[in-house]
Amino acid sequence: MQYEQLGDHYVVRLDEGEEVLWTLRRFLVEHDILAGRFMAWGTFRGLRLQHNRPVAGRYEPRVVDLEGPLEVASLLGNISTLDDEPVLHAHVTVGDAAWRTYSGHLASGTVGPTLEVVVKVLPRALHRFWNDRLHVAVLDPEEAPEEAERLEAWP
Amino acid sequence: MQYAKYGADYVLRLDEGEEVVESLRRFLVDRDIMAGYFVAWGAFSRLKLAYYQPDVGEYKERTFNQQLEIASLLGNIACLNGLPAIHAHLTAGDDEFRTYSGHLVEGTVRPMLEVFVTPLPGELHRIRSARTSLAVLEPGVAPEVLETIGVERCTIP
């Protein structure tokens, strides 16, 4: 992995064999990034996609393993924290050699030969909380304390 | 093509018949944008996609001579051989809602393409790898190292 900071963005290159979520998560921890969004370009050697099926009011994950090489057509993700640890939520569409596409929640992916990632950092922590009923870590955007006060004072 | 600046971003409109890669490159040179990324919406009358085969070290290409709607088009901008270069991937849908995905080689706009470009401050370079023939993105390489290995730098305004 190799990276550079450009203003409030980081540009990161992942290399052959690196697991995308694990590698990015380690990068976020090292740089104390607690909120943001990212997009990526590149190729996966192997990819695990997840589809969440609603079953009796909660969501049950079903996974599929795809063998590459798979060209990333779109990889969009967000960054937040769960129990004070950064977590990634990313959805991906990939294309195969026959130009067919597969889409879903990114469960894991092995890079090969490269994945280029542009991360935009947001200025304060964004939290998730585990919801046991839905079986989902729910995003919980909240106003900054000073902003909340300002909105409170709004006539 | 028509464009304007909105805050730090640029909003562009490409018109019927324009070639997307060429038009964007011309815009980037005009505005001295050497690093950044973009998102686009619109449709193509002709599209050439590529798929990288890591084991062969070559791209395989396919040209679609039909009207295709862009489902997603994301690109990044870095400097290659002293000029801004775009790297974009996309998914496009046909009139039966089937989709095709890959690396963007060429696209002829019809009737329009809307592009939002976010420039990034600083330098971002690509260096052609002799082994894989890929123009590899090299974030975080110091300017003096780039000069030592003979990389032509983009001029930053």
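The values are calculated or read from the model by the stated rules, or taken from the named source; none is laboratory data. Values in this document were obtained by computation on a predicted structure and should not be read as measured data. All Cβ positions, even for glycine, are placed from backbone atoms using ideal geometry, and neighbour counts span all protein chains on display.
Sort out which residues of segment B:62-74 are touching a Gly at 6+ places or on another chain (Cβ under 9 Å) and within 26 Å of A:Val118 (Cα to Cα), and write them in order of number.
Filtering segment B:62-74 for residues touching a Gly at 6+ places or on another chain (Cβ under 9 Å) gives B:62, B:68-71, B:73.
Correct list: B:Glu69, B:Ile70, B:Ala71, B:Leu73.
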Problem - Failed criterion for B:Glu16 (all others in (1) farther than 14 Å from B:Pro119 by Cα; (2) loosely packed, with under 14 Cβ neighbours inside 10 Å; (3) within 12 Å of chain A (Cβ to nearest Cβ); (4) in contact (Cβ under 8 Å) with a residue 40 or more places away in the chain hold) - result: (3)
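Any residue at all in segment A:53-68 that is within 12 Å of chain B (Cβ to nearest Cβ), at pLDDT below 95 and over 21 Å from A:Phe129 (Cβ atoms)? Don't jump to the end; show me each part of the working.
Just the residues of segment A:53-68 that are within 12 Å of chain B (Cβ to nearest Cβ), to begin with: A:68.
Applying the additional criterion that residues be at pLDDT below 95 yields A:68.
Filter again for over 21 Å from A:Phe129 (Cβ atoms), leaving A:68.
Yes: one or more hits.
Where in segment A:1-75 are there strands (runs of 3 or more DSSP E), lying fully within it, with 1 or more residues that are touching a residue at least 60 places away in the same chain (Cβ under 8 Å), acidic (Asp, Glu) and surrounded by fewer than 18 Cβ atoms within 10 Å (Cβ to Cβ)? Can you show your working first?
Details: elements: A:2-6, A:9-15, A:36-55.
In segment A:1-75, A:9-15 are the strands (runs of 3 or more DSSP E) which contain 1 or more residues that are touching a residue at least 60 places away in the same chain (Cβ under 8 Å), acidic (Asp, Glu) and surrounded by fewer than 18 Cβ atoms within 10 Å (Cβ to Cβ).
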Fill in the blank from the handout: When restricted to B:Phe64, B:Phe27, B:Phe44, B:Phe97, the only residue of a type in the set (Phe, Trp, Tyr) and either facing another protein chain (nearest Cβ under 10 Å) or touching a helix residue (DSSP H, G or I) at 6+ places or on another chain (Cβ under 6 Å) (or both) is B:Phe64
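Go through segment B:78-90 and report how many residues are at the interface with chain A (Cβ under 10 Å from one of its Cβ atoms) and either part of a loop (DSSP other than H, G, I, E, B) or under 20 Å from B:Asp30 (Cα atoms) (or both). Give the derivation first.
Filtering segment B:78-90 down to residues at the interface with chain A (Cβ under 10 Å from one of its Cβ atoms) leaves B:78, B:87-90.
Narrowing the set further to residues that are either part of a loop (DSSP other than H, G, I, E, B) or under 20 Å from B:Asp30 (Cα atoms) (or both) leaves B:78, B:87-88.
Residues flagged as at the interface with chain A (Cβ under 10 Å from one of its Cβ atoms) and either part of a loop (DSSP other than H, G, I, E, B) or under 20 Å from B:Asp30 (Cα atoms) (or both) within segment B:78-90 amount to 3.
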Practice task
Please indicate, with yes or no, whether at least one residue in segment A:100-115 is over 30 Å from B:His125 (Cβ atoms), at pLDDT 95 or above and within 15 Å of the chain's Cα centre (by Cα).
Solution key: yes
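From the list B:Gly93, B:Gly7, B:Gly75, B:Gly42, which one is surrounded by 14 or more Cβ atoms within 10 Å (Cβ to Cβ) and at positive phi?
Working: B:Gly93 fails: at positive phi; B:Gly7 fails: surrounded by 14 or more Cβ atoms within 10 Å (Cβ to Cβ); B:Gly75 fails: at positive phi.
Step by step, each of B:Gly93, B:Gly7, B:Gly75, B:Gly42 is checked, and only B:Gly42 is surrounded by 14 or more Cβ atoms within 10 Å (Cβ to Cβ) and at positive phi.
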Problem - Condition check for B:Val29: surrounded by fewer than 15 Cβ atoms within 10 Å (Cβ to Cβ), over 18 Å from A:Asp96 (Cα atoms), in contact (Cβ under 8 Å) with a residue 40 or more places away in the chain and within 16 Å of the chain's Cα centre (by Cα) - result: yes
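Table: residues versus (1) within 13 Å of chain A (Cβ to nearest Cβ); (2) in a loop (DSSP other than H, G, I, E, B); (3) within 30 Å of A:Tyr102 (Cβ to Cβ).
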| residue | (1), (2), (3) |
| --- | --- |
| B:His103 | yes, no, yes |
| B:Glu106 | no, no, yes |
| B:Met112 | no, no, yes |
| B:Phe116 | yes, no, yes |
| B:Ala130 | no, yes, no |
| B:Val145 | yes, no, no |
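Kindly evaluate A:Ala125 against the criterion of being away from every other protein chain (no Cβ under 14 Å), of a type in the set (A, V, I, L, M, F, W, C) and free of Cβ contacts under 8 Å to residues at least 24 places away in the same chain. Working first, answer last.
Working: away from every other protein chain (no Cβ under 14 Å): yes; of a type in the set (A, V, I, L, M, F, W, C): yes; free of Cβ contacts under 8 Å to residues at least 24 places away in the same chain: no.
Here the answer is no, as A:Ala125 does not meet what is asked.
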Practice task
Please indicate, with yes or no, whether at least one residue in segment A:89-111 is within 13 Å of another protein chain (Cβ to nearest Cβ), within 30 Å of B:Ala142 (Cβ to Cβ) and outside any helix (DSSP H, G or I).
Solution key: yes
